[in-house]
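Student: Mind having a look at this structure? Questions to follow.
The values are calculated or read from the model by the stated rules, or taken from the named source; none is laboratory data. None of these values were measured; they are calculated from a predicted model. Note: ideal-geometry Cβ built from the backbone for every residue, glycine included; neighbour counts use all protein chains shown. Ligands, DNA and RNA are excluded from the accessible area calculation, which covers all protein heavy atoms including side chains. Shrake-Rupley method; radii C 1.70, N 1.55, O 1.52, S 1.80 Å.
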Amino acid sequence: MSSSSSSSAVLQLPGDPPRVRLATDLLALIRPAQWPKNILVVPLALIDAPAWHLAGLARLAWAVAVFVVASALVYVVNDIADRHRDRGHPRKRDRPVASGRVPVPVAWGFAGAVGTGLAALLALHPTLAWPVLVYLALNVAYSAKLKHLPLLDVFVVSAGFLLRMALGYVALDVRYSGWLLVSVFTLCLLLSLGKRRYELVVASRSHRPSLSGYSLPLIDNLLLLNAGLTGMAFLLYMRDEAPLGSHGPLAMLASVPFALFGLFRYLQGVLVRQSEGDPVRALLRDRVLVVNSLLWGVLLAGFLVAARYPELLS
């Protein structure tokens, strides 16, 4: 259920001492480039929080840290388990374990240290435990069997993002919003299918057995289906469930061009430019998508402020 993109690129100079190279490779194992997924998804519960206060924000920050460490543990274990298969992938073969730069015993020791850190974080806030434990259990099942089953593999990956959202709601102790969960789930399906499409085009099917159950026409149709579902679910959330009061309908209408353009831009990248579909790379490297997201974020923030502090408009 971990990201299928390669570990973050790390600059290593030929003259680096062995300890420095090992430390750099261990850092690459936990994939800092993937941490923005947790930083972006876990705090989504803030949208539904009736009020923001320091205690709640502190718990939310702790929840983000917990999921960063939990996902890091998953990345390390998956890299160990998949090292033989990764060696046949054009990009993943350069990962620290697959390439042999980090010996397997060292990687297992590092996984143990990360797991100990995760246990310590959860011991201090045990109420955050259940989404993380479900996430870890789901990853065990994913690594053992589910990632080899076509269609089910992308559903499991997307479920991991719902668990990230759930952790944010647990941390803030606020009510779940059904349409927001649906929109995030279908968006994650969209992103996961984009990755599968890239892998189907550039990688060997032997690297990911589940690819045998996909074809380009199937994925292209599923991409369009999920894009439509994502846009509709989010707009329904804006209209019916978002804490925007009387501003909800206007916020929904104002969001339409930003939501559609963001979906169109992603589909253009996957279907036309043949990009790998990695959501983190798309967010950080596609300047057009970044500008669109920032403008949309500012717009939604304005509506939230107007709904919570109506006296500012009087």
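Student: If residue 107 passes every condition in (1) more than 17 Å from residue 29 (Cα to Cα); (2) among the aliphatic types (A, V, I, L, M); (3) open to solvent by less than 10 Å² (accessible area, probe 1.4 Å) but one, which one does it miss?
Tutor: Only one criterion in (1) more than 17 Å from residue 29 (Cα to Cα); (2) among the aliphatic types (A, V, I, L, M); (3) open to solvent by less than 10 Å² (accessible area, probe 1.4 Å) is unmet by residue 107, namely (1).
Student: Now for a separate question. Looking for whichever is out of contact with any Phe, Trp or Tyr (no Cβ under 6 Å at 6 or more places or on another chain) and surrounded by fewer than 20 Cβ atoms within 10 Å (Cβ to Cβ) here; the options are 122, 73, 29. Which one fits? Explain how you work it out, then say what you get.
Tutor: Numbers: 73 fails: surrounded by fewer than 20 Cβ atoms within 10 Å (Cβ to Cβ); 29 fails: surrounded by fewer than 20 Cβ atoms within 10 Å (Cβ to Cβ).
Result of the check over 122, 73, 29: 122.
Student: Just to verify a result, which residue in region 171-187, among those that are touching a residue at least 60 places away in the same chain (Cβ under 8 Å) and crowded, with 20+ Cβ neighbours inside 10 Å, is nearest to the chain's Cα centre (by Cα)?
Tutor: Result: 184.
Student: Now, a different point. Name the residues in region 42-70 that are open to solvent by 30 Å² or more (accessible area, probe 1.4 Å), within 20 Å of residue 188 (Cα to Cα) and among the aliphatic types (A, V, I, L, M), would you?
Tutor: The first filter runs over region 42-70 and keeps only residues open to solvent by 30 Å² or more (accessible area, probe 1.4 Å), leaving 43-44, 46-47, 50-55, 57-59, 61-62, 65, 69.
Subset that is within 20 Å of residue 188 (Cα to Cα): 43-44, 46-47.
44, 46, 47 - these are the residues of region 42-70 that are open to solvent by 30 Å² or more (accessible area, probe 1.4 Å), within 20 Å of residue 188 (Cα to Cα) and among the aliphatic types (A, V, I, L, M).
Student: A further question follows. Mind listing whichever residues of region 188-236 are part of a loop (DSSP other than H, G, I, E, B) and buried (at least 17 other Cβ atoms within 10 Å of the Cβ)?
Tutor: So the first thing to find is which residues in region 188-236 are part of a loop (DSSP other than H, G, I, E, B), and the list is 203-208, 214-215.
Matches in region 188-236: 203, 207, 208, 214.
Student: Do you know which residues across region 128-144 are under 18 Å from residue 172 (Cα atoms) and crowded, with 18+ Cβ neighbours inside 10 Å? Let's see the steps before the verdict.
Tutor: Of region 128-144, the ones under 18 Å from residue 172 (Cα atoms) are 128-132.
Of everything in region 128-144, those that are under 18 Å from residue 172 (Cα atoms) and crowded, with 18+ Cβ neighbours inside 10 Å turn out to be 128, 131, 132.
Student: May I pose another question? For region 104-161: of the residues being of a type outside the set (A, V, I, L, M, F, W, C) and outside any helix (DSSP H, G or I), which is farthest from residue 78 (Cα to Cα)? Steps first, answer last, please.
Tutor: Just the residues of region 104-161 that are of a type outside the set (A, V, I, L, M, F, W, C), to begin with: 105, 109, 112, 115-117, 125-127, 131, 135, 139, 142-143, 145, 147-148, 150, 153, 158, 160.
Still in the list and also outside any helix (DSSP H, G or I): 125, 145, 150.
Values: 125: 26, 145: 13, 150: 19 Å.
My answer is 125.
Student: Quick check on residue 75: is it at pLDDT below 95, among the aromatic types (Phe, Trp, Tyr) and part of a helix (DSSP H, G or I)? Reasoning before the result, please.
Tutor: Numbers: at pLDDT below 95: yes; among the aromatic types (Phe, Trp, Tyr): yes; part of a helix (DSSP H, G or I): yes.
In short, yes.
Student: Would region 220-233 turn up any residue that is within 19 Å of residue 192 (Cβ to Cβ), among the aliphatic types (A, V, I, L, M), modelled with pLDDT under 85 and under 18 Å from the mean Cα position of the chain (by Cα)?
Tutor: There is no residue in region 220-233 that is within 19 Å of residue 192 (Cβ to Cβ), among the aliphatic types (A, V, I, L, M), modelled with pLDDT under 85 and under 18 Å from the mean Cα position of the chain (by Cα).
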